[in-house]
1. Hey, can you tell me all the residues within region 83-105 that are of a type in the set (Lys, Arg) and under 15 Å from residue 65 (Cβ atoms)?
2. Tell me which of these residue 113 doesn't satisfy, since it passes every other one: (1) out of contact with any Asp or Glu (no Cβ under 7 Å at 6 or more places or on another chain); (2) within 30 Å of residue 150 (Cβ to Cβ); (3) part of a helix (DSSP H, G or I).
3. Is it fair to say residue 197 is under 26 Å from residue 87 (Cα atoms), at pLDDT below 85, part of a helix (DSSP H, G or I) and of a type in the set (D, E, K, R)?
4. Among the listed residues 141, 153, which satisfies the condition of being closer than 25 Å to residue 78 by Cα and not aliphatic (A, V, I, L, M)?
5. Can you name every residue in region 141-171 that is among the aliphatic types (A, V, I, L, M), surrounded by fewer than 18 Cβ atoms within 10 Å (Cβ to Cβ) and over 11 Å from residue 121 (Cα atoms)?
6. Between a first residue in region 72-86 that is at positive phi and a second residue that is hydrophobic (A, V, I, L, M, F, W, C) and part of a helix (DSSP H, G or I), which pairs have beta carbons less than 7 Å apart while being 6 or more apart in sequence or on different chains?
7. For region 50-80, which positions are over 20 Å from residue 101 (Cβ atoms) and more than 19 Å from the chain's Cα centre (by Cα)?
Amino acid sequence: MLSFNLTYMWYAIVILTAALLAIFIYLLIRKLVEARTNHIIESYMNDQQMNMFTYLSEGEFSRQLIPDTTIRFISLEKLLQHYARSLGGEAVKSRITDYAEKFFKDPYTRTLKQRSWSKRMNVLYHIDDFQMTSMEDVLVQLCDHHRLSKAEQLQIYRILASFGNMNLFSYLSKSNPNIPDLTYREILVRFLTVIWRLEGIVQVIMRKRSWGEMKRKGVSSK
């Protein structure tokens, strides 16, 4: 009986050791693959840094900026995010948005329908960074027809505020008690900034129109 118990214990130890060794090997291989992938991504980012900068600053597009593989997609997405957070100017921002809407819109739309919460949140952050106004309808549909986490809701509200979307107030009125005051103020400031900018543009247009009419009247009176 004792011999049987020792044999059983020995087999259990061997099986447990083998299982732990298999897990260790799996994690080691996974870490090596991730390190290799990250190295390739960083390398491609470094290679395309000048091409991306030239496109954003001068509008000269290189075919190397087409994200036709997973590695290139991740690399160029990271590179575009870096420039979106570090460069200014309306022309640069416009090209960032144009690039993202051309190459990222469809993949982002698919990702927002996936179950992975972290992937959905990352896409929402990218939409905000790139100011992808073409995603506005998709975000509204998410608010209307999908059960969202609180973090997703607030991030979508921030984005819609930046787009000046009037549906925002309906969503805020339903969620108001659950929104922290600081976040609520941030959302409103984003929305008001858009409105003030539009009012400024309208005023400039009206002044130009008035000046043009005055010039035409002056010429006709002569």
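1. Taking region 83-105 and keeping what is of a type in the set (Lys, Arg), we get 85, 93, 95, 102, 105.
95, 102, listed by residue number.
2. With (1) out of contact with any Asp or Glu (no Cβ under 7 Å at 6 or more places or on another chain); (2) within 30 Å of residue 150 (Cβ to Cβ); (3) part of a helix (DSSP H, G or I) applied to residue 113, the lone miss is (3).
3. Details: under 26 Å from residue 87 (Cα atoms): yes; at pLDDT below 85: yes; part of a helix (DSSP H, G or I): yes; of a type in the set (D, E, K, R): yes.
Yes; evaluated as a whole, the condition is true for this residue.
4. Being closer than 25 Å to residue 78 by Cα and not aliphatic (A, V, I, L, M) holds for just one of 141, 153, which is 153.
5. Applying the first criterion (among the aliphatic types (A, V, I, L, M)) to region 141-171 yields 142, 148, 151, 154, 156, 159-161, 166, 168.
Applying the additional criterion that residues be surrounded by fewer than 18 Cβ atoms within 10 Å (Cβ to Cβ) yields 148, 151, 166.
If the condition is that a residue be among the aliphatic types (A, V, I, L, M), surrounded by fewer than 18 Cβ atoms within 10 Å (Cβ to Cβ) and over 11 Å from residue 121 (Cα atoms), then 166 is the only one that fits.
6. Cβ pairs passing all conditions: none.
7. Matches in region 50-80: 50 only.
Here's the yes/no breakdown for (1) basic (Lys, Arg); (2) on the phi < 0 side of the Ramachandran plot; (3) without any contact (Cβ under 8 Å) to a residue 12 or more places away in the chain:
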{"residue": "90", "(1), (2), (3)": "no, yes, yes"}
{"residue": "102", "(1), (2), (3)": "yes, yes, yes"}
{"residue": "137", "(1), (2), (3)": "no, yes, yes"}
{"residue": "186", "(1), (2), (3)": "no, yes, no"}
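The values are calculated or read from the model by the stated rules, or taken from the named source; none is laboratory data. Note that the coordinates shown come from a computational prediction; the quantities given were computed from them, not determined experimentally. Quick reminder, even Gly has a Cβ in these numbers, built from the backbone with ideal geometry, and neighbours come from all protein chains shown.
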